[in-house]
Structure formats: structure tokens, C-alpha cells
Amino acid sequence: MRFILRVRTWNLRHLNTLHRAPRSTRPEKARRMGFKNKQGYVIYRVRVRRGGRKRQVAKGCTYGKPRSHGVNELKPTRNHQSIAEERAGKRVASLSVLNSYWIAQDSTYKYYEVIMVDRAHKAIRRDPKINWIVSSKHNHRELRGLTSAGKKHRGLGKGFKYNKTIGGSRSAAWTRRNTLSLRRRR
């Protein structure tokens, strides 16, 4: 398996940063993520550079207060997979991002396959299992943290491990718990 991954990363390194895949590299994972091998479904491969995100400032001059002087040891709020979904969604804006999954990684890059859906296609619009994505409320779900990778970085989930985001988000939970509400006598 290690050799297969080495060959896979070697192959992917020579391709474009974002390109359409003729077929899924991991068909069983793609099906678990909602992919169907039929018209209207497309798979794009995305390459994301690993590591933190250096602040884009000239000669390290950030200006402002010392709190914001950091340049090098900054980490993105979102995970690499969510960033990969965003890049695919922006490049092919006519398609909707359904889900994504990891396929390979080396010392420099992580590689993901993003499942995308053509909402204008009749095969999608007539399928009751997927036509929920046709609604305009699902425009650019990847940019709003609505995919599984997006929900993960938002800290959403079920169970006691996720009790800091009960009520929609971390800030909503904090606000609710820190607001004093007194019943007024009427």
C-alpha cells in the first residue's frame, strides 16, 4: 500500500493543481460520500499545500498593534480539506460541491477528490435522493461550512464532545451561556 501511495503522489505531482478526474481513485469511499456513477456527477482532484499559512505582507511589515505582528507561525482556521473544496467550488462555479475525501499526501501537498453535482442536469433534478441540492439555499455550501469537512472545522457534531457548539455555533453557544436573562414582573 505504501508503494501504491508513493506512485500515486508521484503521478499527481505532475498534474495541474485542480483538474477533472476521469474516474474516482477510491470508488468505495466516493460512494459512501454520496457519489453515483451516473450523469450529473463529476469528480475534481485538488492539491493543497501542507502546513501553516504565512501572512501575505511585504517584508514582514504588518503595521498596527503588536498583537497582529505575527507572520510565520499562523495556522488557517479551516482544515485543508475545506480549503480544497472551496478552490474546486470557485473554479467550477456552475457545479455544486457535494462532498470530498482524501486520496494521497506527500511532504509538500495533500490531495483530495471533490464530488461535484450539476444542478441543471435532468438526471439530478429528477432524482429524489439528490434533488435537495438544486435549491438555491445550497448555493456555494462549501463557502459556508455546510459540507462534512466544513462542519468538522466549525466544531459541529453529536455527543458530549461537541457541547461547545450546541445551538448552531461556538459563538452562539457562548452568547447564550453568558447572557443574563431575568424575568420581568408584569
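The values are calculated or read from the model by the stated rules, or taken from the named source; none is laboratory data. What you see is a predicted model; the values in this text were computed from it and never measured. FYI the Cβ positions are ideal-geometry reconstructions off the backbone, even for glycines, and counts take in every protein chain you see. Keep in mind that these areas ignore ligands, DNA and RNA; they rest on the heavy atoms of the full protein, side chains included. Shrake-Rupley method; radii C 1.70, N 1.55, O 1.52, S 1.80 Å.
Tabulated data
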{"quantity": "Proximal lysines relative to residue 65, as straight alpha-carbon distance under 24 Å, when same-chain residues fewer than 8 apart are discounted", "calculated": "54, 75"}
{"quantity": "Separation of alpha-carbon centers, the range 58-82 and the range 91-155, rounded to whole Å", "calculated": "28"}
{"quantity": "Principal axis box of the range 32-137, alpha-carbon based, largest edge first, Å", "calculated": "56, 32, 19"}
{"quantity": "Per residue value of the accessible surface for the chain (all protein chains in place, 1.4 Å probe), Å²", "calculated": "71"}
{"quantity": "Equivalent ellipsoid semi-axes, the range 93-152, via Cα gyration tensor eigenvalues times 5, rooted, Å", "calculated": "25, 13, 9"}
{"quantity": "Partners for residue 158 among lysines (Cα-Cα distance below 24 Å; same-chain residues under 8 apart left out)", "calculated": "29, 129, 137"}
{"quantity": "Kirkwood Rh and Cα Rg combined as Rg over Rh, evaluated for the chain", "calculated": "1.06"}
{"quantity": "Rounded percent of accessible protein surface that carbon and sulfur make up, the chain, 1.4 Å probe", "calculated": "51"}
{"quantity": "Within the chain: Cβ-based charge dipole about Cα centre, in debye rounded to nearest 20 (Lys, Arg +1; Asp, Glu -1)", "calculated": "840"}
{"quantity": "Other-chain or far-sequence residues with amide H under 5 Å of residue 109's (modelled H)", "calculated": "50"}
